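Have a look at the structure below before the remarks.
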Amino acid sequence: MKRMFYLLAGVAILLATSCAPPPYNPPMSLELISTGAKGHFQVELLTGYPDNDYINNSQAWCYNVTVLAEQGDLSHWCLDLCDEPEHQVLSWSGPAERIEHTAPIWNEGAYGHVIKWDGTTLGPGESAVFCFTLAGIWESDQIEWFASDGAPWGWEDPQFADTGWTVGPSCMPFYTPPQSYNLTISSTTGGSATATINPTTVIGPGETKTILEIPADTTVNMTAHAQTDYEFVNWTGSPINGVTEASTTIVMQNNYEITANFKALSQPPITPPPPPLTVGWEGYPINNLPILAPWIALFTLFMASMALLVLKRRKA
């Protein structure tokens, strides 16, 4: 029993670790606390690690910036981010009037796109925390920072412009989540549709349903079912727009919106009944021969009798 328990426990641990994101271990050789070349400012990566959100596939970085100079203040500072591929900044915070994610600033020593906190009000000996969140989870590397007291010529001013290196996001992705897509299927009046992945989803007449997070490259089998007095016309929507076969498949390589279209069957023309035959002031349908036969016979006998009477009078 103990062997079986240990075996099951080992399998569970193996499965758990195989599904978990890899551990994030920034190189220990990188400096977490960076003092500028001129000693005016200091930039420190808080906690020594970024905050990786594997559920939302995002990464947050926070820095504590301190003014070391005995005179002057921090007007703005920026971090040099990746230019190719360009980092997507989701949010940022910090005591600044403006926060920008902009193209390289030629006179501030930046080589890639930068995130810039502008209009800060830190004085000598003061410090504040500045954070930003990127889409994706990236490797750590050395990145350059620049800080200034807002002198007219920025980088070229010898007074309080300073630069240094700190730990930040590199251009190399650290973790790529499994790609998945959503499939929205609609069915018009007159029929239903089924999408078979696991389990089967049924879309009734006039309904719309969305199947979420289908793994990329999954094959989805779809079938249209027409109701009585209706027929299937076609599928509309990429990638099977115009397909007329009721049963078809798609391979999930994007988010798709598909519609199964139906129409009513054309009805044969209805032949109107023949007009009624009128005898006297009463109308009798022409197919009621049992009712008309005695009258026809009586009329024929009357006409024959009248003809014989006329012939006899002529002979006399």
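The values are calculated or read from the model by the stated rules, or taken from the named source; none is laboratory data. All of these numbers come straight from a predicted model, not from anything done at the bench. For neighbour counting, all protein chains shown are included, and Cβ atoms are generated from backbone atoms with ideal geometry for every residue, glycine included.
Give me a count of the residues in segment 233-261 that are out of contact with any Asp or Glu (no Cβ under 7 Å at 6 or more places or on another chain), of a type in the set (A, V, I, L, M, F, W, C) and not in a loop (DSSP other than H, G, I, E, B). Of the residues in that region, 5 qualify. If you go through segment 61-81 and keep only what is surrounded by fewer than 17 Cβ atoms within 10 Å (Cβ to Cβ) and more than 18 Å from His40 (Cβ to Cβ), you end up with nothing. Within segment 191-204, if we keep just the residues that are surrounded by fewer than 17 Cβ atoms within 10 Å (Cβ to Cβ) and of a type in the set (A, V, I, L, M), the residue that is modelled with the highest pLDDT turns out to be Val202. For residues that are over 18 Å from Asn255 (Cα atoms) and not hydrophobic (A, V, I, L, M, F, W, C), tally how many sit in segment 199-234. Qualifying residue count, segment 199-234: 14. Filtering segment 241-296 to residues that are at pLDDT 85 or above and of a type in the set (Phe, Trp, Tyr) leaves Tyr256, Phe262. When restricted to residues that are over 20 Å from the mean Cα position of the chain (by Cα), at pLDDT 85 or above and at negative phi, segment 165-190 contains 12. Evaluate the following for Ala103: is it more than 26 Å from Cys171 (Cα to Cα), at pLDDT below 90 and out of contact with any Pro (no Cβ under 7 Å at 6 or more places or on another chain)? Answer is no for this residue. Cβ-Cβ contacts under 6 Å between residues 6 or more apart (or on different chains), taken from a first residue in segment 175-195 that is part of a strand (DSSP E or B) to a second residue that is aromatic (Phe, Trp, Tyr), are listed as Leu183/Tyr256; Gly191/Tyr230; Gly191/Phe262.
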